[in-house]
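Visitor: I am attaching a structure below and will ask some questions about it afterwards.
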Amino acid sequence: MLVSHWHRGKLVQRTLNAAAYGLVLALVCGAQPLMAQCPNGSIVCNGARVESPDATLDSECAGVKASFDAAEGTMSAVAGPGSSAIVRNIDRFELHGVPGVPAVSIRIRLSLSGFLAEADIHYGALMFLGFRYEQGEVRTSETVVFDSHFRAFVIDHDVDLEALVIPGQPFHVAYNVQLNGIDRGGNIAGVLSFVDLPPGASVMSCKGFQQTAVQLEATTWSRVKALF
């Protein structure tokens with residue numbers, strides 16, 4: 001398992017022991033059906049927590065506005081000085097459209113964008129991300145931290161999880177985004193996507209997320225000549 005840690009714009013990576021990609025273990029796990037009750041997501045707004053298994057959730061309190069839309073694969077949070085927001089979501093997915101393939105290697109991506117304001121003495125703002133994939137006994141995770149200290153910090157970063165997914169078997173993807181406004185405040189937004197899907201493959205989730213890879217169409221020399 002590769003854990004990545006960003007501190008003041010610098011990426012530090014270290015490798016931890018993780019369960020091997022054992023297909024047999026994952027196949028025999030007691031996985032829940034995709035459309036069973038969805039896992040709860042939650043938002044903590046200045047310490048006040050709300051949670052729900054629904055695809056969308058939002059919360060607003062003094063200096064904070066936070067939300068996620070699992071069907072769209074999006075999340076966002078704004079925290080002013082002295083405020084904090086935590087956005088947590090977990091969803092159950094399945095991969096389909098790859099008949100006869102025992103396992104597919106893909107990347108699960110959370111694309112982050114945002115801004116942490118500058119502070120003269122203390123930290124202007126701090127953002128923490130925990131990002132996790134799990135299927136059976138197989139787990140991978142990434143941890144990322146951004147802060148603004150003596151300077152503003154613009155966030156524009158993709159966080160990838162490498163996953164070996166067994167088609168037709170449920171797997172979970174979760175993220176935990178914490179934004180602390182500290183002295184000046186900041187904002188963060190994220191978009192979930194699946195990268196390197198085979199042509200024709202599709203990913204769908206309990207909370208309504210769907211993504212389908214483009215099916216490449218076979219061509220002939222006569223079709224190529226017709227283009228010119």
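Visitor: Taking interchain pairs and intrachain pairs at least six residues apart, which have beta carbon atoms under 8 angstrom, with the first residue in segment 202-216 and modelled with pLDDT of 95 or more and the second polar (S, T, N, Q) and open to solvent by 70 Å² or more (accessible area, probe 1.4 Å)?
Guide: Between residues of segment 202-216 that are modelled with pLDDT of 95 or more and residues that are polar (S, T, N, Q) and open to solvent by 70 Å² or more (accessible area, probe 1.4 Å), the close pairs are 202/210; 202/212; 203/210; 203/212; 204/210.
Visitor: Give the residues of segment 145-183 that are at positive phi, touching a residue at least 40 places away in the same chain (Cβ under 8 Å) and either open to solvent by 40 Å² or more (accessible area, probe 1.4 Å) or among the charged types (D, E, K, R) (or both), sorted by residue number. Break it down stepwise before answering.
Guide: Just the residues of segment 145-183 that are at positive phi, to begin with: 150, 168, 182.
From the residues that got through so far, the ones that are touching a residue at least 40 places away in the same chain (Cβ under 8 Å) too are 168, 182.
Selection gives 182 alone.
Visitor: Considering segment 125-140 alone, what residues qualify as being outside any strand (DSSP E or B) and either open to solvent by 50 Å² or more (accessible area, probe 1.4 Å) or of a type in the set (Lys, Arg) (or both)?
Guide: Passing the criteria: only 137.
Visitor: On to the next question. So which pairs qualify, if the first residue must be in segment 54-65 and within 16 Å of residue 186 (Cβ to Cβ), the second must be outside any loop (DSSP other than H, G, I, E, B) and open to solvent by 80 Å² or more (accessible area, probe 1.4 Å), the Cβ gap must be under 8 Å, and the two must be at least 6 apart or on different chains?
Guide: If the second residue must be outside any loop (DSSP other than H, G, I, E, B) and open to solvent by 80 Å² or more (accessible area, probe 1.4 Å), the pairs left are 65/58.
Visitor: Failed condition for residue 64, given (1) under 12 Å from the mean Cα position of the chain (by Cα); (2) open to solvent by less than 30 Å² (accessible area, probe 1.4 Å), with all others met?
Guide: Unmet condition: (1).
Visitor: Moving on. Can you find a residue that is part of a strand (DSSP E or B), of a type in the set (Asp, Glu) and over 20 Å from residue 73 (Cα atoms) anywhere in segment 146-169? Walk me through it before giving the result.
Guide: If we filter segment 146-169 for residues that are part of a strand (DSSP E or B), which is where we start, we get 146-149, 153-165.
Then keep just the ones that are of a type in the set (Asp, Glu); that gives 147, 156, 158, 160, 162.
Then drop every residue that is not over 20 Å from residue 73 (Cα atoms), which leaves 147.
Yes: segment 146-169 contains one or more residues that are part of a strand (DSSP E or B), of a type in the set (Asp, Glu) and over 20 Å from residue 73 (Cα atoms).
Visitor: Out of all the residues in segment 99-124, which are within 28 Å of residue 200 (Cβ to Cβ) and open to solvent by 20 Å² or more (accessible area, probe 1.4 Å)?
Guide: Correct list: 99, 100, 101, 102, 103, 105, 107, 109, 111.
Visitor: Ok, one more. Keeping to segment 72-99, report how many residues are closer than 19 Å to residue 131 by Cβ, in a loop (DSSP other than H, G, I, E, B) and not acidic (Asp, Glu).
Guide: Of the residues in that region, 1 qualify.
The values are calculated or read from the model by the stated rules, or taken from the named source; none is laboratory data. In this text the structure is predicted, and so the values were computed from the model without any measurement. In this analysis, Cβ positions are derived from the backbone assuming ideal geometry, glycine residues included, and neighbour counts consider all displayed protein chains. Only protein heavy atoms, including side chains, enter the accessible area calculation; ligands, DNA and RNA are left aside. Shrake-Rupley method; radii C 1.70, N 1.55, O 1.52, S 1.80 Å.
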